[in-house]
Each structure stands twice: as C-alpha cells, then as structure tokens.
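Let me begin by presenting the structure, written as structure tokens, before commenting on it.
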Amino acid sequence: MNQEELYRLMAEFDRSGLSELRWKQGERSIVLKKSTASAAAGTPAAAPFSKEAAPGPQLQEAEDVILVKAPLVGTFYAASGPGEPPFVTLGQRVEKGQTLCILEAMKMMSQVSAPESGVVSEICVSNGETVGYGTVLIRLKRD
C-alpha cells in the first residue's frame, strides 16, 4: 500500500460508520479506530474530519477564485515549524507550485502547493486545525 492509497483508506474510513478497521498484508498492518463513545451514540468520532463539519467546503469556486483543498485528512500547518514564518500571508502573490502549507497525517508531512499563480485572498483554516479530505484550505484570486 502506498501513501496515496493509505490516505484514501483513511478518508473512506472517516466517512464510514465503522468504529474500527484492521488491515494486514504480509508483515504490514494498519489499525484505524474511532472513539467508541461517539460510535455508540451513532455519530462518527471523526466528525471534525468530515467535509460537512468544516466551514471551508461550503465555499464555491468563482471564475476568478481558486480553491486549494486538502488532498488528505490531517493537521494543517501554516509554517514549517513553531516560531517559523508562515508559508503565505493574506494578500501575498504566489506562483504555481509554491508551497502554501503542510498537512501532517500519521507523522508524515505533505506539502500543499499552489495549483496556479494568484493572490492569497483567504486562509480558511487555523494553524494546528484538523482538516478532512476536500476541506478548502486557502482561496487564491487569479491574476
């Protein structure tokens, strides 16, 4: 299982009604669990991960706006480390491919890059916030 397949599995598990998932292939195994209290109540424990729970996904992409969405479930970081300056700030012009933020999932850091050039018009999530697959992270205004 590669990293992309793992993230896809995590996102599907997050959206499912399952409280636990065990996967094993050869020597490798993965165990995903949700809080049993939330599962027993009929609410997914990972509600903060769901696209419906996050404020960003309701944003619509206009002709002059680029929505940069989370490619995986993880924790949003605006900078490369504590005390470091953020990758981008409001009003900053960015180039295609420039790092906008980092998402951490299972101790793995993944950079999120600008899909095209533009100006940062909104940073939709807070530093350290947990985001779900497809959550709008940043809005860019096309040049």
Open item on the list: Whether any residue in segment 55-63 is farther than 24 Å from F13 by Cβ and modelled with pLDDT of 90 or more is what I want to check.
Closed with: no
TODO: Kindly establish whether T43 is at pLDDT below 95, closer than 25 Å to L9 by Cα, of a type in the set (V, I, T) and over 16 Å from the mean Cα position of the chain (by Cα).
DONE: yes
- [ ] Filter segment 87-109 down to residues that are assigned to a strand (DSSP E or B) and touching a helix residue (DSSP H, G or I) at 6+ places or on another chain (Cβ under 8 Å) and give me whichever is nearest to S126 (Cα to Cα).
- [x] A105
Task: Members of segment 64-86 that are assigned to a loop (DSSP other than H, G, I, E, B), at pLDDT 90 or above and either in contact with a Lys or Arg (Cβ under 7 Å, 6 or more places away or on another chain) or within 17 Å of T135 (Cβ to Cβ) (or both) - done: A70, P71, L72, V73, A78
- [ ] Search segment 123-137 for residues being touching a helix residue (DSSP H, G or I) at 6+ places or on another chain (Cβ under 9 Å) and outside any loop (DSSP other than H, G, I, E, B), and hand back the single one that is farthest from R15 (Cα to Cα).
- [x] L137
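The values are calculated or read from the model by the stated rules, or taken from the named source; none is laboratory data. Just so it is clear, the model here is predicted, and its values are computed rather than measured. We place every Cβ from the backbone using ideal geometry, glycine too, and count neighbours over all the protein chains shown.
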